[in-house]
1. With charges set only on the Cβ (+1 for Lys and Arg, -1 for Asp and Glu), what does the dipole of region C:1-151 come to about its Cα centre, in debye to the nearest 20?
2. Under a 5 Å amide H to amide H cut-off, with H placed in plane at 1.01 Å, what residues pair with A:VAL135 once short-range neighbours are removed?
3. Need one number: % antiparallel among DSSP beta bridges in region D:12-168, to the nearest 5.
4. Among A:ALA50, A:ASN78, A:ALA40, whose Cα lies farthest out toward the positive end of the dipole of region A:1-84, if unit charges sit on the beta carbon of Lys, Arg (+1) and Asp, Glu (-1)?
5. If each label sits 7 angstrom from Cα along the C-beta direction, how far apart, in nm, is B:ALA59 from its counterparts in the other copies?
6. So the label point sits 7 Å from Cα along the Cα-to-Cβ vector; using that for C:ALA167, what distances do you get to the other copies, in nanometres, sorted shortest first?
7. Which distances, in nm and shortest first, link the D:ALA30 label point to the same label point in every other copy, taking 7 Å along Cα→Cβ?
8. For A:ASP123, D:ASP158, A:ASP47, what ranking results if the residue with the fewest other Cβ atoms within 10 Å of its Cβ goes first?
There are 4 protein chains.
Amino acid sequence: MNVIGLCGSLRGQSFNRMLLQLAGQCLQAAASVVEHDWSAIPPFNADLMAKGMPSSVRALREGIRSADAVLIATPEYNFSIPGMLKNALDWVSRGSDQPLLHKPVAILSASTGPLGGARVQYDLRKVLLFTNAAVLSKPEVFVGQAADKFDDHGKCTDQATREFVQAQMHAFLEYIRWQQVQRMARATV
Amino acid sequence: MNVIGLCGSLRGQSFNRMLLQLAGQCLQAAASVVEHDWSAIPPFNADLMAKGMPSSVRALREGIRSADAVLIATPEYNFSIPGMLKNALDWVSRGSDQPLLHKPVAILSASTGPLGGARVQYDLRKVLLFTNAAVLSKPEVFVGQAADKFDDHGKCTDQATREFVQAQMHAFLEYIRWQQVQRMARATV
Amino acid sequence: MNVIGLCGSLRGQSFNRMLLQLAGQCLQAAASVVEHDWSAIPPFNADLMAKGMPSSVRALREGIRSADAVLIATPEYNFSIPGMLKNALDWVSRGSDQPLLHKPVAILSASTGPLGGARVQYDLRKVLLFTNAAVLSKPEVFVGQAADKFDDHGKCTDQATREFVQAQMHAFLEYIRWQQVQRMARATV
Amino acid sequence: MNVIGLCGSLRGQSFNRMLLQLAGQCLQAAASVVEHDWSAIPPFNADLMAKGMPSSVRALREGIRSADAVLIATPEYNFSIPGMLKNALDWVSRGSDQPLLHKPVAILSASTGPLGGARVQYDLRKVLLFTNAAVLSKPEVFVGQAADKFDDHGKCTDQATREFVQAQMHAFLEYIRWQQVQRMARATV
């Protein structure tokens with residue numbers, strides 16, 4: 001099974017990238033998680049889209065389409081979704097062949113403050129509702145005080161965090177499989 | 001009085017740009033509204049910011065700082081804030097000299113569907129709360145079915161829309177003046 | 001198949017009750033929708049709950065538990081969920097034997113204004129996320145200008161509204177069946 | 001100056017009631033905070049309202065109208081506003097003589113979990129926006145792990161919490177005074 005990972009932060013030492021890697025380790029017996037670098041995606045502009053989807057957008061769309069599932073690990077900026085991650089989703093959401101349709105998605109967030117992104121995830125769920133993606137409900141994963149939970153090599157040093165992520169990935173695997181059964185059934189009918 | 005206008009859409013024939021211009025006409029006896037082109041602002045990245053604010057970001061920050069107020073007219077993308085507008089705000093919100101602090105802001109939205117952006121404005125208010133901007137509460141302006149309300153030259157042809165915007169700008173002017181009185185009082189103390 | 005219906009409004013001639021009935025007609029070949037009268041549920045109070053769930057609360061919990069699915073048709077009060085509907089859900093959400101867990105839910109809203117409840121549904125989805133109910137994503141149903149769409153006998157006179165509700169109920173039936181397959185599979189493992 | 005306090009929880013030993021009392025202590029040199037018991041307010045029902053506002057509703061409306069400001073301390077139920085508090089606000093929001101109009105409001109929340117109500121406050125702000133109340137923006141007060149921060153007599157034992165509340169009340173007093181200046185000016189014009 002292959003899972004595409006999207007990190008909501010562009011900085012090199014992002015805690016959310018570390019969180020994505022931790023999720024990948026939790027899944028590794030069943031799936032490989034590959035982070036997709038979406039940083040070259042241009043600003044969404046309907047005039048530009050009229051000339052065709054840019055290659056970086058097509059790459060992300062194909063990456064999502066060909067993946068069995070999507071993992072999004074994102075910080076919270078100003079109580080909501082990082083603009084650039086939203087911009088990438090704005091491109092992905094367009095067109096009749098929308099790759100997020102019925103695609104299983106799980107959300108995680110890490111922050112250096114105490115709340116761990118308690119506000120961004122609901123906005124992100126609302127955006128994904130628009131695309132009709134199949135978003136895992138529970139368990140939710142919020143990693144607060146992230147700087148205390150990952151070492152300099154990006155390794156998670158907090159057992160509780162590992163267990164939260166493990167539990168979510170366990171639920172996510174079951175969820176992905178059900179979505180696959182449904183997709184096959186839809187194709188059969 | 002000078003007001004900086006931010007349009008949430010980058011396309012040329014944006015209905016939200018037309019709405020911004022309509023708001024400018026409503027204000028013209030008291031203030032001039034100049035749209036600020038923020039399209040050159042790069043993706044927010046804390047690593048990049050560590051090297052200093054990019055010039056396009058500094059230009060937007062200075063534009064906001066030196067303005068008496070901010071007008072934001074924005075479409076709704078995927079039930080929320082256009083990613084690039086959010087990216088611009090993500091840059092503006094950083095630093096200890098945050099230009100939106102106590103700055104009067106009014107929000108309008110237009111869409112080609114019936115709801116006129118009924119979902120984006122609350123997310124935008126939440127983001128602006130983070131910056132501690134002074135956001136006008138009421139009246140709210142939602143322009144649904146925008147394609148029927150502006151002509152090919154961008155002129156508003158709908159009397160009800162004109163009156164809604166006029167009423168909001170009337171309230172906004174009073175609101176800006178009160179914020180100015182408070183700012184002066186703060187400076188005095 | 002039996003579906004429990006919850007109307008967010010307590011007034012007799014509620015448009016949302018009419019909408020619930022319309023949904024019931026759309027489902028009638030496959031399921032019967034019975035509205036549950038939750039109006040006797042007392043104010044949620046943890047001290048009261050400590051003495052045991054009140055009988056009206058138990059009735060609602062049992063009604064949900066024994067139903068195959070839940071339909072909620074609700075107005076929007078003050079941009080969000082009617083307080084009393086939320087109070088009923090506050091009671092239902094408590095306890096380890098929470099009846100909404102994995103229960104299929106569909107949401108509709110009607111209003112006399114143009115937006116049809118565009119703001120209440122996202123708040124309601126967030127609340128239902130807490131309970132880990134299985135909430136249908138799309139299609140969404142918003143009935144604006146409801147007074148023009150139902151006659152004095154509560155019958156829907158608007159063909160477009162009928163089709164929107166029909167499409168949602170069609171999707172809901174498929175959704176309920178999948179949730180049932182999953183529940184059976186869970187019970188088997 | 002007199003401030004009306006609303007506690008979002010009905011249980012006797014509510015941490016939010018303790019938080020309200022702490023806020024009252026912080027204000028005591030300038031204002032007295034009196035909690036208003038709204039527990040007798042019936043379920044909102046437009047048919048009932050058509051017969052006149054119930055006396056418990058009139059008492060709350062008059063309490064708000066005659067107060068200089070409103071303090072709301074509320075728990076988070078199911079990621080949102082407690083249903084009964086919302087029901088009280090649903091009643092208050094009705095009628096042309098709406099008492100929350102331009103009324104200064106500050107929001108605090110306490111929870112026994114780590115997030116301190118990080119999700120309820122934005123929903124409450126959206127509801128209060130409908131009423132056009134004047135809601136203090138910052139500083140926000142979230143009291144997580146409340147059981148560790150108040151003793152058996154309801155006294156706050158956590159110095160950081162005291163300082164957060166003190167800072168908010170300091171800002172609130174200044175905010176109330178400005179709203180009063182504006183109200184007087186409006187009355188003069």
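Laboratory data are not the source of any read-out in this text; all were calculated from the coordinates shown. Source: prediction; values computed, not measured. Reconstructed Cβ throughout: ideal geometry from the backbone, glycine too, with neighbour counts over all protein chains shown.
1. I would put it at about 240 debye.
2. Under 5 Å from the amide H of A:VAL135: A:VAL105.
3. Taking every DSSP beta bridge within region D:12-168, about 20 percent pair in antiparallel fashion.
4. Positive-most Cα among the choices belongs to A:ALA50.
5. Shortest to longest, the spacings are 2.7, 6.2, 6.7 nm.
6. The projected label point of C:ALA167 is separated from its counterparts by 3.2, 3.9, 4.9 nm.
7. 2.8, 5.6, 6.0
8. A:ASP47, D:ASP158, A:ASP123
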